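To keep things clear, I will list the structure first and then write my remarks on it.
The values are calculated or read from the model by the stated rules, or taken from the named source; none is laboratory data. Please read all numbers here as calculations on a predicted model, not as lab measurements. Every residue, glycine among them, receives a Cβ derived from its backbone with ideal geometry; neighbour counts consider all protein chains shown.
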Amino acid sequence: MSHPPISSAKRWLGLVLIATAQFVVIMDTSIIGVALPDIQRDLGFSPESLSWVFNAYVVAFGGLLLLGGRLSDIFGARKIFVLGWLVLIAGSVLAGAATNIGMEITGRAVQGAGSAMIAPAALTLLMMLFGGTSDLPKAFAVYGAAAPIGGTAGVFLGGVLTEYVSWPWVFYITVPIAALVLAFTATSLPRTPRKAAGSIDVWGALTVTLGLATVVYAVVNAPEVGWLTWSTLGLLAAGIVLLIIFFVIQGKGRNPLLRLGLLRAPLLAAANSAQLLLGAAWVSMWFFLNLYLQQVLGASAFAAGAALLPMTGLVVLVMIALAPRLQERFGAKSMIVGGLLLLAGGLFWLSFVRADGVYAVDVLPASLLAALGMSLAFVPSLGTAINAAPAAETGVASGLVSTSYQIGSALGLAVLTAIVYGISGTEPSAAQLTHGYSAAFIGAAILALVGAIVTAIWMAKPRVSTLSAENATVA
């Protein structure tokens, strides 16, 4: 079925909406960072359980992204894009109005479910607007920049709202942004027909989401109950079994969320691995860096957010102005490997933080190096994953690469949270907290380094036979 040509002005306005979607779904992972101490105090979270304000969102987001991609392919990307915003609004209101732990975690999970519909639909819409045009690399750069900008800007905005209004507004702020996007969606984004037929894999969605949630919960809870207790081992086993069941369902189902043959494309596998480890390292960095600035250096919520603004400026500059040119010259593989190595270097530098540290010495230079690495690696790994998939499975590929990043974030943070409080204890001094955060930065550096090694190996000799010649050129 042919569609009328899309005007240039409409394409770029559509890109603004798509980039805003990416900005918001990532902002909602980070905006709670500086508000965590206030949320902990008002709702009664323990130090170990506090990370669930983050993880409830990320597990629901990551676990349901494949379903979101499948829904986008079946019902049309624009319809799912709109539905996702409506669900995100509902979750934001619930999380902001929370008066207890259960209500807060439920609101965050509903937010994650909405974002899981928005993210893959947004990428599919981007490909519809710019696929086959010379502007596609530029569009990917703008879209890619929106993610780390949303992550870092969310920290600053969270600081402003927490200090000068109140912490519930870190959730309520999503509502007017969502309303503005929805107001322009009908006129700026293309109507998308169904691209796939068949039923929705409900059992696949349930098993992958419950499996991931169970594994993350087991890791987060392990420092409190013990790593070798029946509780921890049983939960880990249950989570792994659920994930095995998910893959069995995908292999035997007629309309799976994820066609397992898609994973055999070497470029797709390498790019998803890079995104998984990139998310684990980067998100863990900003989570613990926020806590270090507030709980060790004594920065206010506003000051902690402002302290990370230089990273945002660098990310914008590198992703939009520099990274596309460098990728054209050096290729995606060199960019991903080099970026992950720089991120690892910045994280290792951060591991030297001190209890009596100074921002300009202990935080700023290392965080800028880490931001440079993130900026160089993110867009090439994202573009490689999307381009490596067949056109008919763009929604699923979009959901898969977003799942990799978000689940990497959740599992990486869960493991490093366990390390932090295993070292520092439940009622730590500033010095003990610093030791814990230092260990977390080292752990994140190792994750980034592993990502660089895996990418260098897997992208070395792609088997072109599994891809189209056009798609294979991204390596």
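Does Pro120 qualify as being in contact (Cβ under 8 Å) with a residue 12 or more places away in the chain and under 30 Å from Leu36 (Cβ atoms)? Quick ask: steps written out before the conclusion?
Numbers: in contact (Cβ under 8 Å) with a residue 12 or more places away in the chain: yes; under 30 Å from Leu36 (Cβ atoms): yes.
Taking the combined requirement at face value, the residue satisfies it.
Could you run through region 404-457 and say how many residues are free of Cβ contacts under 8 Å to residues at least 40 places away in the same chain, within 27 Å of Val358 (Cβ to Cβ) and of a type in the set (A, V, I, L, M, F, W, C)?
Number of matching residues: 2.
Among the residues of region 296-336 satisfying the criterion of being surrounded by fewer than 21 Cβ atoms within 10 Å (Cβ to Cβ) and among the β-branched types (Val, Ile, Thr), which is farthest from Gln432 (Cα to Cα)?
Restricting to residues being surrounded by fewer than 21 Cβ atoms within 10 Å (Cβ to Cβ) and among the β-branched types (Val, Ile, Thr), the top hit is Ile320.
Would a scan of region 223-241 turn up a residue that is among the hydrophobic types (A, V, I, L, M, F, W, C), part of a helix (DSSP H, G or I), crowded, with 17+ Cβ neighbours inside 10 Å and touching a residue at least 24 places away in the same chain (Cβ under 8 Å)? Please lay out each step first, then the result.
Filtering region 223-241 down to residues among the hydrophobic types (A, V, I, L, M, F, W, C) leaves 225, 227-228, 230, 233, 235-238, 240-241.
Still in the list and also part of a helix (DSSP H, G or I): 225, 230, 233, 235-238, 240-241.
Keeping just the survivors that are crowded, with 17+ Cβ neighbours inside 10 Å gives 235-236.
Next, only the ones that are touching a residue at least 24 places away in the same chain (Cβ under 8 Å) stay: none.
No: zero hits.
Quick check on Ala146: is it closer than 19 Å to Tyr57 by Cα and either part of a helix (DSSP H, G or I) or under 18 Å from the mean Cα position of the chain (by Cα) (or both)?
Working: closer than 19 Å to Tyr57 by Cα: yes; either part of a helix (DSSP H, G or I) or under 18 Å from the mean Cα position of the chain (by Cα) (or both): yes.
Here the answer is yes, as Ala146 does meet what is asked.
Only one of Phe171, Phe130, Phe140, Phe156 is touching a Lys or Arg at 6+ places or on another chain (Cβ under 7 Å) and not charged (D, E, K, R); which? Full working, then the answer.
Details: Phe171 fails: touching a Lys or Arg at 6+ places or on another chain (Cβ under 7 Å); Phe140 fails: touching a Lys or Arg at 6+ places or on another chain (Cβ under 7 Å); Phe156 fails: touching a Lys or Arg at 6+ places or on another chain (Cβ under 7 Å).
When all the criteria are applied, what remains is Phe130.
How about region 280-300: which of its residues are in a helix (DSSP H, G or I) and either over 22 Å from Ser351 (Cα atoms) or not hydrophobic (A, V, I, L, M, F, W, C) (or both)?
From region 280-300, those in a helix (DSSP H, G or I) are 280-296; that's our starting set.
Result: Ser284, Asn290, Tyr292, Gln294, Gln295.
Among the residues in region 109-128, are any surrounded by fewer than 22 Cβ atoms within 10 Å (Cβ to Cβ) and touching a Pro at 6+ places or on another chain (Cβ under 8 Å)?
Yes, the conditions are met somewhere in region 109-128.
Given the options Gly253, Gly261, Gly234, name the one that is more than 23 Å from the chain's Cα centre (by Cα), modelled with pLDDT of 90 or more and more than 26 Å from Ala448 (Cα to Cα).
Details: Gly253 fails: modelled with pLDDT of 90 or more; Gly261 fails: modelled with pLDDT of 90 or more.
That would be Gly234, the only listed residue that is more than 23 Å from the chain's Cα centre (by Cα), modelled with pLDDT of 90 or more and more than 26 Å from Ala448 (Cα to Cα).
Is there any pair with a first residue in region 360-382 that is at negative phi and without any contact (Cβ under 8 Å) to a residue 40 or more places away in the chain and a second that is in a helix (DSSP H, G or I) and surrounded by fewer than 22 Cβ atoms within 10 Å (Cβ to Cβ) whose Cβ atoms are under 9 Å apart and which are 6 or more apart or on different chains, and what are they?
If the second residue must be in a helix (DSSP H, G or I) and surrounded by fewer than 22 Cβ atoms within 10 Å (Cβ to Cβ), the pairs left are Pro365/Trp349; Ala366/Gly345; Ala366/Phe348; Ala366/Trp349; Leu369/Leu342; Leu369/Gly345; Leu369/Trp349.
In region 109-143, how many are of a type in the set (D, E, K, R) and outside any helix (DSSP H, G or I)? Explain how you work it out, then say what you get.
Pass one, region 109-143, residues of a type in the set (D, E, K, R): 135, 138.
With outside any helix (DSSP H, G or I) added as a condition, the list becomes 135.
The total comes to 1.
Conditions tested, residue by residue: (1) over 19 Å from Tyr405 (Cβ atoms); (2) in contact with a helix residue (DSSP H, G or I) (Cβ under 7 Å, 6 or more places away or on another chain); (3) assigned to a helix (DSSP H, G or I).
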site	(1), (2), (3)
Arg41	yes, no, yes
Phe45	yes, yes, no
Leu50	yes, yes, yes
Phe54	no, yes, yes
Val58	no, yes, yes
Leu67	no, yes, yes
Arg70	no, yes, yes
Leu83	yes, yes, yes
Val87	yes, yes, yes
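Taking region 304-328 on its own, how many of its residues are over 12 Å from Met374 (Cα atoms) and part of a helix (DSSP H, G or I)?
Of all residues in region 304-328, those over 12 Å from Met374 (Cα atoms) come to 304-310, 313, 317, 320-322, 324-328.
Of the ones still in play, those that are also part of a helix (DSSP H, G or I) are 304-307, 309-310, 313, 317, 320-322, 324-328.
Matching residues across region 304-328 total 16.
Find all pairs meeting these conditions: Cβ atoms under 9 angstrom apart; at least six residues apart or on different chains; first residue within region 65-94 and under 15 Å from Thr124 (Cα atoms) and at pLDDT 85 or above; second residue surrounded by fewer than 21 Cβ atoms within 10 Å (Cβ to Cβ) and among the polar types (S, T, N, Q).
Listed by first residue and then by second, the contacts come to Arg78/Thr185; Phe81/Thr185; Val82/Thr185.
From Phe156, Phe171, grab the single residue that is modelled with pLDDT of 85 or more, surrounded by 17 or more Cβ atoms within 10 Å (Cβ to Cβ), under 30 Å from Gly44 (Cβ atoms) and in contact with a helix residue (DSSP H, G or I) (Cβ under 6 Å, 6 or more places away or on another chain).
Working: Phe156 fails: modelled with pLDDT of 85 or more.
Among Phe156, Phe171, only Phe171 is modelled with pLDDT of 85 or more, surrounded by 17 or more Cβ atoms within 10 Å (Cβ to Cβ), under 30 Å from Gly44 (Cβ atoms) and in contact with a helix residue (DSSP H, G or I) (Cβ under 6 Å, 6 or more places away or on another chain).
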